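To keep things clear, I will list the structure first and then write my remarks on it.
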Amino acid sequence: MHALREFVNEHPEIDNQWYTKSNYLGLLVVENEQALKNLVLTAAEKGVRFSVFREPDIGDKITAITMEPSSISKKLCAKLPLAFS
């Protein structure tokens with residue numbers, strides 16, 4: 001949820017559109033921090049807006065990201081498993 005909070009702060013206009021149109025969330029999981037970094041790099045290359053949360057309690061490691069809702073971000077995450085399943 002920290003990453004969502006970052007996204008709301010950094011991209012309020014996208015958050016407002018999302019909130020009024022779909023309000024849908026998907027919580028997914030990756031293997032490790034490197035997988036998150038790779039996802040961020042790919043999102044940036046494809047022009048997807050995102051936010052990154054770094055956990056201060058564990059050396060500022062990336063522990064979560066949030067991406068804008070789009071067909072591109074959906075494709076980037078399509079093969080990631082649901083968290084807590």
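Please treat every number below as a calculation from the coordinates, not as lab data. No experiment lies behind these values; they were computed from the predicted model shown. Methodologically, a virtual Cβ is constructed for each residue, glycine included, from the backbone with ideal geometry; neighbour enumeration extends over all protein chains shown.
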**Report entry** Within straight-line cross-link reach of Lys21, aspartates and glutamates at Cα separation under 14 Å, skipping those fewer than 8 residues along the same chain
**Finding:** Glu13, Glu68
Query raised in the report: List the chymotrypsin sites (Phe, Trp or Tyr not before Pro) in the stretch 1-78 that DSSP assigns to loop (not H, G, I, E or B) and whose Cβ has at most 15 other Cβ atoms within 10 Å. Which are they?
Result: Tyr24
Report summary line: Ranked on Cβ counts within 10 Å of their own Cβ, fewest leading, Glu68, Glu33 go Glu33, Glu68
**Report entry** Difference of contour (0.36 nm per residue) and Cα-Cα distance, Asn38 to Gln17
**Finding:** 4.9 nm
Query - Sequence-separation-based contact order of the chain, relative, with Cα cut under 8 Å and 6+ spacing, percent - result: 37
Query raised in the report: Each label point is 7 Å from the Cα along the Cα-to-Cβ direction; what then is the distance between the points at Ile58 and Met1, in nm?
Result: 1.8
Report summary line: When Thr66, Thr42, Thr20 are arranged by how many other beta-carbons sit within 10 Å of their Cβ, fewest first, they go Thr20, Thr42, Thr66
**Report entry** Local electrostatic count, Pro12, Cβ distance below 13 Å [Lys/Arg +1, Asp/Glu -1]
**Finding:** -3
Query raised in the report: In terms of Cα to Cα distance under 22 Å, which lysines are near enough to Lys37, apart from those fewer than 8 places away along the same chain?
Result: Lys46, Lys61, Lys74, Lys75, Lys79
**Report entry** Percentage of interatomic Cα-Cα distances in the stretch 1-57 larger than 15 Å
**Finding:** 59
